[in-house]
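> Okay, handing you the structure first.
Here, each number is a calculation from the coordinates, and none is a lab measurement. On a predicted model such as this, the values are computed, not experimentally measured, just so you know. Please note: Cβ atoms are built from the backbone with ideal geometry, for glycine as well, and neighbour counts cover all protein chains shown.
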Amino acid sequence: MARGQSALRLEAEYDILLTQRWVLQPTAELNLHGRNDQARGVGSGLSDASVGLRLRYEISRQFAPYVGVSWGRAYGNTADLLRADDEDVSEAKLVAGIRFWF
């Protein structure tokens, strides 16, 4: 019998215009799951959260390189599963990229 997994992801971001071209963007994300799924390394309840900050330069509205930092941490059963596998429950990352659309 197949059993489904329910999940909820909440994301928020906000653009702070420093100048006409420089934009500071704080972000936050929460992930919640309905049940444990050891195969995917996901526990029930609040599984992880992350916050970040990006600084981008809008060459045009459709093309903007950015740099930033992101910090994430696992909680509850997910953190327990990671610890059991000798993995870190938190991480910090430097990010860089190009935001574009057409």
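> Give me the extension gain from Arg35 to Ala84: residue separation times 0.36 nm, minus the current Cα-Cα distance, reported in nm with one decimal.
Details: separation 49, 0.36 × 49 = 17.64 nm, distance 1.77 nm.
The Arg35-Ala84 span can extend by a further 15.9 nm.
> Tell me, what ³J(HN,Hα) does each residue in segment 42-51 have, in order and in whole Hz, if you take phi through Karplus 6.51 cos²θ - 1.76 cosθ + 1.60 with θ = phi - 60° and put x for Gly and Pro?
The phi angles translate into 10, x, 6, x, 5, 8, 7, 9, 8, 10 Hz.
> Using +1 at the C-beta of Lys and Arg and -1 at the C-beta of Asp and Glu, which of Gln20, Tyr57, Ser90 has the Cα lying farthest in the positive direction of the dipole of the chain?
With unit charges placed on the Cβ atoms, the residue in question is Gln20.
> Across the Cα atoms of the chain, what radius of gyration and what greatest pairwise Cα-Cα distance (Dmax) are found, in Å?
17.1, 57
> Then there is this: What does the charge add up to near Tyr66, with Lys and Arg as +1, Asp and Glu as -1, over the other residues with Cβ less than 15 Å from its Cβ? List each step's numbers first, then the result.
On the way: positive: Arg21, Arg54, Arg56, Arg61, Lys93, Arg99; negative: Glu13, Asp15, Glu58.
Cβ neighbours under 15 Å give a net charge of +3.
> Let me ask something else about it. Given the C-alpha centroids of segment 56-102 and segment 1-41, what is the distance between them in whole angstrom?
Each part's Cα centre sits 10 Å from the other's.
> Dipole magnitude of the chain about its Cα centre, charges +1 at Lys/Arg Cβ and -1 at Asp/Glu Cβ only, in debye to the nearest 20?
Around 400 debye, computed over the chain.
> Given R₀ = 25 Å, what would the calculated FRET efficiency be for Arg21 paired with Leu94, taking r from the Cβ atoms and rounding to 0.05?
Numbers: r = 22 Å, r/R0 = 0.88.
Efficiency, rounded to the nearest 0.05: 0.70.
> Take every Cα pair under 8 Å in the chain that's 6+ residues apart, average their separations, divide by the length, and report that relative contact order as a whole percent.
Rounded, it is 22 percent for the chain.
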